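First comes the structure, then the notes that go with it.
A short reminder: the numbers here are calculations on the coordinates, not readings from a lab. Small disclaimer: the values here were computed from a predicted structure and weren't measured. Positions of Cβ are backbone-derived with ideal geometry, glycine not excepted, and every protein chain shown enters the neighbour counts.
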Amino acid sequence: MTISLVSAPDAVLSFDDFKLPSSLLRAVRELKYTVPSPIQAMALPPALEGRDVLGTAMTGSGKTAAFLLPILTHLLTRPRGATRALILAPTRELAAQIEQSAKDLMKFTPLRVASIFGGVGMQPQEKAFKSGVDVLVATPGRLLDHFSHSYARLSDLEILVLDEADRMLDMGFLPDIRRVMRHLPTKRQTLFFSATMPDAIEKLSGEMLVSPVRVGVERKAAPASGVNQTVYPVPEDLKAELLLALLGEGTVKDVIVFTRTKHRANRVAEKLVRAGISAERIHGNRSQTARTEALAGFKSGKYRVLVATDIAARGIDVESLGHVVNFDVPNVPDDYIHRVGRTARAGQSGEAITFCSPAEEPDLKAIEKAVGRKIPRDVVNNFDYRAKKSEKLEVPIGVRVAEIQARKAEDRARAKSKAQAAGTPASSGPSQGGGGRGGSSGASGRSAPAPKSPRYDQGQPAPSSRGGGRRRG
Ligand code: AMP
């Protein structure tokens, strides 16, 4: 395979520098994209020329517009009535996001887009095929289901995009991708995007691309298979002890520990600190300042352990993370894949450890199905798995509510006596401060709405289509 390399051109300062149709420029302006992102600056020129592109780009880099703008530009020159562009994405959430981005960008054109993914009825999707919608965004499995019917023909296809190829690999979709390829014309333009380029992805790109231009931040990433994944079966009430034992072994140095709830994140962090381990936590009940401080402290080495919930952890980019511990088994396989992807970035080798209690086995099975293999089990040597220990991490909700009510009653009584002493009637409004020390219970200290995770467009008005969090499942 011949690969041309290009680096980010400094000269491209505005979207007007590309030869984009005015209808697309108008949409770009409306989305408040003023300056092309680096991946856009690099990928747009060769893609607009009709070249194949191999792009290294992550979510948040602006890669979606980097492939959509050339597609739409091309389609505007072609007769309508047939599907000429197909975008393959690993998950339905990503497919839905791409569809929305396409809608935003094609707003001032007659072009149409539809998506094809599982979990919803086949019929509207069948209609999209039959009507020859201009752009299809699809997950591989559902697309293959359609290909078994005669209406699903993509013989007029001219552009194919493979998005997040490395996640396709992680999720075991490479065989499906190869099957999809058999249904597509070989004479086409292909745009191939992946956050990392493990060997299997390089190989796949070699099969799919012809003399591609390679763009993006050149990173020799460890293969996703380089992430060492292990499950530690453990009774629920011994998880915290097991974590301490693991940290005591010394092999696990800095680590992000994921918990199911904010409350559990607090309790785990507290327990670690009590045991003399420097730890901080990030979750949605903490202020942005506290979260930023926790993350900066973790990155600088001030904290050895960062305890996080999934939502808060989205958008965290810690490049050299060696270990991830799933304190709880994620109940959505996609979350597992996302978390595990945090290790072994940027050429590092990574270790993903999952604590699994008997009750979590079904969730673990779903994850193993999604990653396409059984994850090996292991034990921590010299750990007493039969010990009857550890306080409950989750205070029952009834107990927590009673605690909060008692605290509020105390506050009211205090305010009343103060008011009586001052000779003024007590206010019935919410009292501040009083009982809640440190704001760590998560029940009272309600902070400002959490800002969106840091992405390319941080600091600019967010396009309405994107929604806030990218919670999956
Ligand atoms: P993506 O990596 O494609 O998921 O894009 C990440 C976010 O950046 C999305 O919210 C896009 O709408 C936004 N975005 C993409 N390109 C630009 C740009 N040139 N300027 C500002 N925001 C952008």
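Per the Debye formula with a single identical scatterer at each Cα and no solvent contribution, what log10 I(q)/I(0) holds for region 93-168 at q = 0.24, 0.26 Å⁻¹? So the normalised log intensities work out to -1.33, -1.49.
Shown is the FRET efficiency for K408 and A275, computed with R0 = 51 Å from the Cβ-Cβ distance and rounded to the nearest 0.05: 0.95. Sorting H183, H323 by the number of Cβ atoms found within 10 Å of their own Cβ, with the fewest placed first, yields H183, H323. Computed over region 109-246, the range of Cα coordinates on each principal axis works out to 60, 39, 30 Å, biggest value leading. Quick check on region 17-97: take the gyration tensor over C-alpha atoms, sort the square-rooted eigenvalues as a ≥ b ≥ c, and tell me if it's rounded (a/c under 1.5), prolate or oblate. Rounded, because the longest to shortest axis ratio a/c is under 1.5. Checking the Cα-Cα distances for K107/K130; K239/K369; K32/K107; K271/K408; K253/K388 against a 19 Å cut-off, the pairs over it are K107/K130; K239/K369; K271/K408; K253/K388. A simple spin-label model places pseudo-atoms 7 Å from Cα toward Cβ; at R29 and A82 they are separated by 3.5 nm.
What the Cα convex hull of region 4-215 gives, in volume per residue, is 111 Å³.
What the Cβ-Cβ distance of L48 and R182 gives, at R0 = 22 Å and to the nearest 0.05, is a FRET efficiency of 0.15.
By the count of other C-beta atoms within 10 Å, a proxy for reagent exposure, V371, V340 are ordered fewest to most as V371, V340.
Computed from the Cβ-Cβ distance with R0 of 35 Å, the FRET efficiency linking K19 to E293 stands at 0.15. Taking the number of Cβ atoms within 10 Å of each Cβ as an exposure proxy, the fewest-first ranking of E99, E207, E126 is E207, E126, E99.
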